[in-house]
Structures are given as structure tokens and as C-alpha cells.
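The values are calculated or read from the model by the stated rules, or taken from the named source; none is laboratory data. Here the structure is a predicted model, which means the values were calculated and not measured. Cβ atoms come from the backbone with ideal geometry, glycine included; neighbour counts cover every protein chain shown. These accessible areas exclude ligands, DNA and RNA; they are computed on the full protein's heavy atoms, side chains included. Shrake-Rupley method; radii C 1.70, N 1.55, O 1.52, S 1.80 Å.
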Amino acid sequence: MKEQHRYYLGCGFAWWVMHIFFRPFESVELAVLGSVDDRIAEFSERAEGLASWLLDEIGNEDLVYRVEGKGTSIFAVLEVSEPRVKEWMFRLIQVMEARDLGEPSRRYADLYCLMMGWQLHMAVVAQAYLDGFHAESAGVRSDVAALFIQWLREALEDACRTYLSCSSEDLLRDEQVLGTYEALAVDWRRAVDEALERYLGAPTSWA
């Protein structure tokens, strides 16, 4: 039962990663975002299928967690985790600020590339993580996930060449970028396990 809950929490935190993608761009003027705005809209469209599937997976009335001795839904558990998810976003913003490509439009284009690279990294990590479970409903839908991952690869490559004049491989050769992606993937798994420990009393296993 605990492994089944771990799976559902994994689905929930995978959804969080996709949902937080939009936050850094929400208050930015269109004049600053430029063509990045159209790419963000395309991300929303492309991510919708997988995001909806993840929400359907966790929309189970039998998934009851304990908060201060009272039963609550997995959605409440995920809501409590929002500050942690925002920290992942802020880590990527810090990488963008450290790279400092100049004027705001260039910085936000760089942030878009960084966020897309993170989405790709986490999509692969989350799919492998969730597919490792053998619960009856476990496993990311391969058709939806594969199409999204392939689009992410193509969109990241195009964005890197358009905005950064480099390939996506060049972006990932940046030790700060790749190191941040890997650290966030570790913390993503830690977030799943710590939520499980807090609400179900399961041992952590993220190390």
C-alpha cells in the first residue's frame, strides 16, 4: 500500500513540475517576452495531455492522507508542498541570473530554455521513477509521455539555436545547468519520499 501511495505522490509531484513552468513568466510584459510567449502557449497545449493524465491518476477518492490526525486528499498534500516547488523554480531563476545575458528579453529567453531543459530532464526522470512501480495502475502512459518528451527535445533544440545560438547539447554541457537539473531531480524524489513519511509514516529512501 505504501508503494502505491508513493506512486500517486510521484504522479502529483510530476504534475507540479509541469504546472510551475508558467510561474516565472506570468507577470512579464509581452513586449519583453516577445516570441517566447508563443512558445509558452505551445508548451501549455503540448503538456495538457500528460498533465491531465497525471491528475486523473491521483483523482482517487480512496487516497486519504493524515494531516494533524484528520483525513485529507492528495490534492491538499500537494498544495502544502507548493513553497518547495517554488524553490525549484527559484533555483532555475538563479541560474539565469548568474548567466546574465544582458537585457530582460534575452534573460527571459534564456530562462525559457533553462525551464524547457528542466522539463525534459524531469519528464525522463519521472517516467522512469513511475514506471518502476508494479501497482495495477502504475506506469506513465507511454504514448502520451513519449510524444511529449520528443516534442520537448525538438522544442528545446530549436529554442537554444534561436535564442542562445547553441545546441541543446551545448546548454547541457554547462556544469551549472546540468548540476542544477540533477540536484532538482534528487530533491524531487526526496519530496515524494518525505511527503510519504510525513503523511503515512513510510521510511525515506531518496539517498
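What to note about this one:
- Within the range 32-58, restricting attention to residues that are surrounded by fewer than 17 Cβ atoms within 10 Å (Cβ to Cβ), of a type in the set (A, V, I, L, M) and without any contact (Cβ under 8 Å) to a residue 60 or more places away in the chain, the residue that is nearest to E103 (Cα to Cα) is A41.
- Residues of the range 165-175 that are at negative phi and either in a loop (DSSP other than H, G, I, E, B) or out of contact with any helix residue (DSSP H, G or I) (no Cβ under 6 Å at 6 or more places or on another chain) (or both): C166, S167, E169, D170, R173, D174, E175.
- Unmet requirement for S27, which otherwise passes all of (1) over 17 Å from the mean Cα position of the chain (by Cα); (2) at pLDDT 95 or above: (2)
- L120 open to solvent by less than 30 Å² (accessible area, probe 1.4 Å), assigned to a helix (DSSP H, G or I), without any contact (Cβ under 8 Å) to a residue 60 or more places away in the chain and hydrophobic (A, V, I, L, M, F, W, C): yes
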